[in-house]
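Any read-out appearing in this document is the output of simple, stated calculations on the displayed coordinates, not a laboratory observation. In this text the structure is predicted, and so the values were computed from the model without any measurement. Cβ sites come from the backbone with ideal geometry, for glycine too, and all protein chains shown count toward neighbours.
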Amino acid sequence: MGIRVVIVDDHKIMREGLKSLLTREMDIQVVGEADNGRAATQCVRDLDPDVVLMDLTMPEMNGIDATRRIAADYPSVRVLALSMHSDRRFIEEALSAGAQGFLLKDCAFDELVNAIHEVVADRFYLSPRITGVVVKDYLGRRGRPESASSIRLTPREREVLQLIAEGKNTKEVAFSLDVSVKTVESQRMQIMRKLKTNSIADLTKFAIREGLTTLD
């Protein structure tokens with residue numbers, strides 16, 4: 001049996017391109033696709049893949065929060081982050097969430113195939129450019145006290161914040177998360193207290209800065 005792969009990306013052309021290339025590999029089988037993080041967790045539950053190729057910036061639920069949920073609920077599934085973002089924050093967040101590897105979208109196809117085999121073998125894989133970013137950051141931090149963000153949002157608060165930043169109103173957020181309007185209002189107030197703001201614009205800026213959503 002081949003390596004079972006799920007492709008997660010909000011751009012259909014990206015999913016179709018990856019699927020077309022991967023199906024040429026004798027030992028890789030694309031068993032599913034998803035266009036956001038919430039759909040990705042559903043795919044993992046229903047299809048039991050070996051590897052998830054995970055985009056990071058997507059609507060509804062971003063790839064970092066989806067990775068965190070998959071790593072917690074389905075620890076045998078390997079998540080390989082595939083992103084256009086090479087800055088330290090995205091790399092650190094993805095790996096902390098449980099990704100087994102990190103590739104840039106402009107990588108060669110042979111590197112992607114190699115990375116899939118590496119994570120299936122329970123080894124980590126970072127593309128050379130990503131390794132350079134990680135090492136440079138480590139050297140820059142060495143000798144300095146570790147700086148930790150003073151703002152800690154729960155996974156559910158991150159989901160609520162992303163949906164608010166994407167322009168959804170309270171009822172729409174409640175519908176997306178299958179919770180009550182009262183619950184969403186309570187979580188929104190908690191987020192605002194933590195961020196010390198009453199401004200939706202400030203919430204949106206924070207969400208973009210943290211990689212929960214983009215300006216697209």
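List of remarks:
- In a DSSP loop and with at most 16 other Cβ atoms within 10 Å, the chymotrypsin sites (Phe, Trp or Tyr not before Pro) in segment 33-135 are PHE124.
- Global geometry of the chain, whether rounded, prolate or oblate, following the gyration tensor of its Cα atoms and the 1.5 cut on a/c: oblate
- In the chain, the sites counted are trypsin sites (Lys or Arg not before Pro) in DSSP loop states with at most 10 other Cβ atoms within 10 Å, and the longest stretch holding none of them, exclusive of the sites, is 25-141.
- Label point distance in nm, SER96-MET84, each placed 7 Å from Cα along Cα→Cβ: 2.5
- Potential lengthening between ARG193 and THR170 on full extension [0.36 nm per residue; Cα-Cα distance subtracted]: 6.6 nm
- For ARG15, neighbours were defined as the other residues whose beta-carbon sits under 11 Å from its Cβ, and their charges (Lys and Arg +1, Asp and Glu -1) total -4.
- Helix 181-195 and the longest principal axis of the Cα set of the chain meet at an angle near 90°.
- Degrees separating the helix 63-73 axis from the principal Cα axis of the chain, which is the longest one: 80
- Nonlocal amide H pairs with ILE28, under 5 Å, H built at 1.01 Å: ILE3
- Segment 42-88 and segment 182-216: distance between their alpha carbon centers, rounded to Å: 23
- Computed over the chain, the per-residue total of -39500 (n - 2.57) for DSSP H runs of n ≥ 4 gives a 222 nm mean residue ellipticity of -16000 deg cm²/dmol, rounded to 500.
- Zone residues, segment 1-36, relative to ARG129, backbone N less than 11 Å from point 7 Å out along Cα-to-Cβ: none
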